[in-house]
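The values are calculated or read from the model by the stated rules, or taken from the named source; none is laboratory data. Just so we're clear, the structure is a prediction, and the values are computed from it rather than from any experiment. Methodologically, a virtual Cβ is constructed for each residue, glycine included, from the backbone with ideal geometry; neighbour enumeration extends over all protein chains shown. Quick note on the areas: whole protein, heavy atoms, side chains included, nothing else; ligands and nucleic acids left out. Shrake-Rupley method; radii C 1.70, N 1.55, O 1.52, S 1.80 Å.
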Amino acid sequence: MSKRHELRQRARAVARDTDSARRQMTGDSFQNLAARTGIGTQNMQASSGYGFDLVSRNRVQMEAVYRSSWIAGMAVDVIAEDMTRAGIEIQSDMDPDEKEQIERTMNRMGLWDAMGDNIKWSRLYGGSIAVMMIDGQDVSTPLRMDRVGTGQFKGLLVLDRWLIQPSLEDLVTELGPDIGRPRYYTVVADAQALINQKIHYSRVIRLDGVELPYWQRIAENGWGQSVLERLWDRLLAFDSATQGASQLVYKAHLRTYKVNKLREIIATGGRTFEALVKQIEMIRLYQSNEGMTLMDGEDEFEAHQYSFSGLSDVILQFGQQLSGALQIPLVRLFGQSPAGLNSSGESDLRTYYDNVHTQQDRALRPGLHRVLDLISRSVLGKPLPDNFSFEFRPLWQLTDEQKANAGKTSTDSVVAAFDAGLIDRGTALKEMRQSSHVTGLWSNITDEDIEEAENEPPPAAEGMPDAGELINEPPPEKKPTGDSALSRLVARYWPGR
């Protein structure tokens, strides 16, 4: 047998095995050719598929839906507002006055509003940048923090993807988180500021909407897509259902009036038809809850009332689909508590706030840290300390009673550990101040208080004289010997004796 013939035999065997496997697959529960059920058979479901909406590329369409549809506006705004409304808690050994200066500067410059707008337009359009404006520096050059002087930082300028043109032919090649992104962003002539200027990527805080795969990102000029694109059909379904329900209200109470030989009257016209019209006007004039309906004895008048049961369930289901797609609970998106045992929606809100916190850490933290460093150099005249850190304040706010209980529990735990000798006074003050962002207590403990507590001498052992008593007593004639507590105490406060 030749080699060519052997290869043909193997090819036929593979074909037979493939055909046998195909016949076996058509007989399982997911595909039945005889019953026309399952994917791949001739049924309506098998003809379904997915295509590209590409609505993110239509700027006017995005702006129209944002302005006219309240649910689309909420889908864009809610996440952005929740990510920026609580602020941050600076956790550092900085002076409390310096922390207050940084927070006041952020409020004075409207930085939280600017970062919120940056998030909004990235969600609406698919991408946006916030330019760090530094007086006296060329925006086309790389940002060097060590050259930022006092009073130079002037805030953030937000530019959405349609106001800038990324340099698609000049990408970042340096290793790091920005590799592969545009090196420059050129501002278009229609922008509100920095017109026709080229901005270096190190001076911007870039946010994308929905991250896309590589080839799709190329199709969008390096940007992501709008958060509305994935739920576009759900938005249309929800708005269509609500508009259709509102139109049905006009048909909730229909009235019919049967007139004998109506066609002949209309065909005759003249006074006969005018008399009919006048009769209808009189019926509308006198018909009310307390009035009467005047008609001929051979005429018939009927009122039809319709009930629209099930419409609320349909609209609620569409709303739940939007809520699930956006990962925003009903109680936050619609202001409506969910049905079931957990009618308050508390657990849903807690889960949602945890998701928002995750997005804050991923999207806001890197850029916000650079902004805080710029504020420190511009306002305080020095960079941030090496141990600088911050945390986003929790969105779930405790009631006054819950704060009081939490403060009492935390304080009692610290005091008990201090009384047991497990921690010193300085550590106790640190623990109490660290819990202030939750309890609202002990926020006025300063670094000087902690330093003073750490430098104070340890308390004397029980039954032993303290250092003052030993100093006031005359020196002993002979240095105590042994490893007793008294000998160690004397050796500490009287060295060389």
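Probe radius 1.4 Å, ligands and nucleic acids ignored: give me the carbon and sulfur share of the accessible area of region 202-333 as a rounded percent. List each step's numbers first, then the result.
Working: 4700 of 8870 Å².
Carbon and sulfur atoms account for 53 percent of the accessible area of region 202-333.
So what J values fall out for region 269-281 if you push phi through Karplus, 6.51 cos²θ - 1.76 cosθ + 1.60 with θ = phi - 60°, rounded to Hz, Gly and Pro as x?
Per-residue couplings from phi come out as x, x, 5, 5, 5, 5, 5, 5, 4, 5, 5, 4, 5 Hz.
How much of the accessible area of region 131-181, in percent, comes from carbon and sulfur atoms when a 1.4 Å probe is used? List each step's numbers first, then the result.
Working: 1500 of 2840 Å².
About 53 percent, which is the carbon plus sulfur part of the accessible surface.
Estimate the FRET efficiency between L254 and S48 by the formula 1/(1 + (r/R0)^6), using the beta-carbon distance for r and 51 Å for R0, to the nearest 0.05. It would help to have the intermediate numbers written out before the result.
Values: r = 38 Å, r/R0 = 0.74.
Once rounded, the FRET efficiency stands at 0.85.
Quick one: of K198/K382; K99/K382; K120/K198, which pairs are farther than 19 Å apart, Cα to Cα?
Cα-Cα > 19 Å for K198/K382; K120/K198; rest within.
Using amide H atoms built in the peptide plane, which far-off residues or other-chain residues are under 5 Å from Q336 H to H?
V331
List the aspartates and glutamates whose Cα sits under 14 Å from the Cα of K408, skipping any in the same chain fewer than 8 residues away.
List returned: D400, E431.
Calculate one ³J(HN,Hα) per residue across region 183-194 by plugging θ = phi - 60° into the Karplus curve 6.51 cos²θ - 1.76 cosθ + 1.60, and present them in order as whole Hz with x for glycine and proline.
7, 9, 10, 9, 7, 6, 6, 8, 6, 7, 7, 6
Provide S167, S410 ordered by accessible surface of protein heavy atoms (probe 1.4 Å), highest first. Please report the intermediate quantities before stating the final value.
Values: S167 15, S410 35 Å².
So the residues, ranked largest to smallest area, are S410, S167.
What FRET efficiency comes out for the pair Q137/F308, r = Cβ-Cβ distance, R0 = 60 Å, nearest 0.05?
0.40
How much length, in nm to one decimal, is gained on full extension between D113 and A219, taken as 0.36 nm per residue of separation minus their Cα-Cα distance?
Working: separation 106, 0.36 × 106 = 38.16 nm, distance 3.07 nm.
Here the answer is 35.1 nm.
Provide the solvent-accessible area of W162, counting protein heavy atoms only and rolling a 1.4 Å probe, rounded to the nearest 10 Å².
The accessible area of W162 comes to roughly 90 Å².
Given a Förster distance of 22 angstrom, what is the FRET efficiency for R425 paired with K403, based on the Cβ-Cβ distance and rounded to 0.05?
E between R425 and K403, to the nearest 0.05, is 0.35.
Express the Stokes-Einstein translational diffusion coefficient of region 190-315 in µm² s⁻¹, to the nearest whole number, given a Kirkwood radius over alpha-carbon pairs, 10 °C and a viscosity of 1.306 mPa s.
It comes out at roughly 72 µm²/s.
Can you list the residues, at least 5 places off or on another chain, whose amide H is less than 5 Å from the amide H of T141, using H built in the peptide plane?
Counting only residues 5 or more places away or on other chains, the set is H200.
Kindly provide log₁₀ I(q)/I(0) values, in the same order as q = 0.12, 0.13, 0.22, 0.27 Å⁻¹, from the Debye equation applied to equal alpha-carbon scatterers of region 97-149.
With one equal scatterer per Cα and no solvent, log10 I(q)/I(0) is -0.40, -0.47, -0.99, -1.02.
Once you have a ≥ b ≥ c as the square roots of the Cα gyration tensor eigenvalues for region 159-231, tell me rounded if a/c is under 1.5, and otherwise prolate or oblate according to whether a/b is larger than b/c. Let's see the in-between values first.
Details: a/c = 1.96, a/b = 1.16, b/c = 1.70.
Taking the square roots of the gyration eigenvalues as a ≥ b ≥ c, region 159-231 is oblate.
Just to make sure I understand: if all protein chains stay in place, what is the order of R67, R104, R284 by accessible area at 1.4 Å, largest first?
Working: R67 210, R104 135, R284 190 Å².
Reading off the accessible areas and sorting them downward yields R67, R284, R104.
At 1.4 Å probe size, with every protein chain present, just tell me what the per residue accessible area of region 186-232 comes to in Å². Walk me through the numbers on the way to the answer.
On the way: 2280 Å² over 47 residues.
So region 186-232 comes to 49 Å² accessible per residue, rounded to a whole number.
Name the long-range amide H neighbours of F301: under 5 Å, sequence gap of 5 or more, or other chain; modelled H, no Pro or chain starts.
Correct list: K258.
To the nearest 10 Å², what's Y306's accessible area with a 1.4 Å probe?
The accessible area of Y306 comes to roughly 130 Å².
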